Amino acid sequence: MNCAIITKSKAMYGKRLTESDISMLCDCRSVEDCAAFLRSHPAFSKAFENVELRGIRLSRIEMLLKKEQCLEFERLIKGMPEKEKKLTQMFIGTFELDLIMWALRNTELADEQKSPMPPLYEPLIRKYSKTDFDLLINARTRQQVAQALSGHYRTIVEKSFSDESKTDYFTIENELWKTFYAGLYEYIEKYFKKDDTVSMFGTRIDLYNIMRIFRLKEYFEFTADQISPFIIRPLYKLKDDTVSKLCSCSDVKEFFSILKKTHYKQLCDVKNGEQLESLCNEIMVKKAAKILHFSTNAPAAIYAYLIYKSNEIDKIKTVIESVRYNLSREMIESYVGTKAKTN
């Protein structure tokens, strides 16, 4: 057990936004006020250090928060044993895939038109990835994107332009994520089979599959055969026959009837895809909080912290965007899932 790292992750988690903090953020009158509040909070003071707040935009705030998240990841993994460190370094795959998809979608755009994503992940990608960062962010074609990658990632992108057809971003992204999770889960099964790391990733894969099946059936009317290539494996608490039934069900009612007999029956209390996604996210955040409170496994604690932090950043973005549009407290609360009250 790496007590130092677990202690650090718990200390970072201890600085999280409370419901009262969210309430105060909701009371802000402008984006600048929101930024000023965040700078005064212990969890975000470093992110806003020496930053000019006058005229600051939400996009800038988001960049600052995500950059700090990457720096926190670096602080957490210092001093880890080699086996655990290799696993935690694999976590940056979530950032790497975002960057690959950014590169693919921006190949034909001028530099001034591209979103400012690369600086966020540059230190992590350069240090822990085999991806050629410079070639990737400067790629002008899908071929150049592929050249910046290695292994299975390169093969996936190369297949996308083998027939010179229009880029199918949806399929490429799906194949990249399937490859990422397969490799990660293989390593976890080999070295961390009986600890909280398996539980964290297994649950995430199952929930991802449930949401993906629901979206493809409800919004795109995919058949079972069309959905099958988008299922991530290995499954965790879900069974193969259950997944087959979910893919083949005739309507939403039958979908939730099947789901009710699984480990994820709590997801049946929703009315639409948006609520389903929200509840899946809530389950992962609660699981992450539990891991951070009780786990003695350092990689699991780090991954749990990253999940919790990502959710917190998303919640902050929602509040600030709502403040920018002068929405009521009731609407903001409904968006972020809090019961914050005016003091």
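The values are calculated or read from the model by the stated rules, or taken from the named source; none is laboratory data. The structure presented is a predicted model; accordingly, all values stated were derived computationally and were not measured. Neighbour counts run over all protein chains shown; Cβ positions are idealised from the backbone, glycine included. Ligands, DNA and RNA are excluded from the accessible area calculation, which covers all protein heavy atoms including side chains. Shrake-Rupley method; radii C 1.70, N 1.55, O 1.52, S 1.80 Å.
Below are the figures for this structure:
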| item | result |
| --- | --- |
| Among PHE220, PHE73, PHE192: highest mean-square fluctuation, GNM of the chain, C-alpha pairs under 10 Å | PHE220 |
| Largest-first ordering by accessible area, 1.4 Å probe, given options LEU279, LEU184 | LEU279, LEU184 |
| The chain: equivalent-ellipsoid semi-axes (sqrt of 5 x gyration tensor eigenvalues, Cα, Å) | 30, 27, 24 |
| Length gained when the stretch TYR187-MET24 is fully extended (0.36 nm per residue, less Cα-Cα span) | 54.4 nm |
| Inter-label distance for GLU108 and ARG126, nm, one decimal - labels placed 7 Å from Cα along Cα-to-Cβ | 3.2 nm |
| Two-decimal Rg to Rh for segment 145-265 - Kirkwood Rh, Cα set | 1.02 |
| Residue-averaged [θ]222 nm for the chain, counting only DSSP H segments that reach four residues, each worth -39500 (n - 2.57) | -21000 deg cm²/dmol |
| Label-point separation in nm, ASP168 to GLU282, each point 7 Å along Cα→Cβ | 3.6 nm |
| Modelled FRET efficiency - R0 45 Å, ALA224 with LYS194, Cβ distances, 0.05 increments | 0.85 |
| Formal net charge of residues neighbouring CYS247 (Cβ-Cβ distance under 15 Å; K, R +1; D, E -1) | -2 |
| Ranking by accessible area, most exposed first, for ASP21, ASP314 with a 1.4 Å probe | ASP314, ASP21 |
| Value of relative contact order over segment 250-343, rounded to a whole percent, pairs C-alpha under 8 Å and six or more apart | 14 percent |
| Two-site label geometry, GLU74 and LYS317: point separation in nm, points 7 Å out along Cα→Cβ | 2.2 nm |
| Relative contact order [Cα under 8 Å, 6+ residues apart], the chain, whole percent | 24 percent |
| Taking segment 158-231 and dividing mean pair separation by its residue count, relative contact order in percent (alpha carbons under 8 Å, at least six apart) | 24 percent |
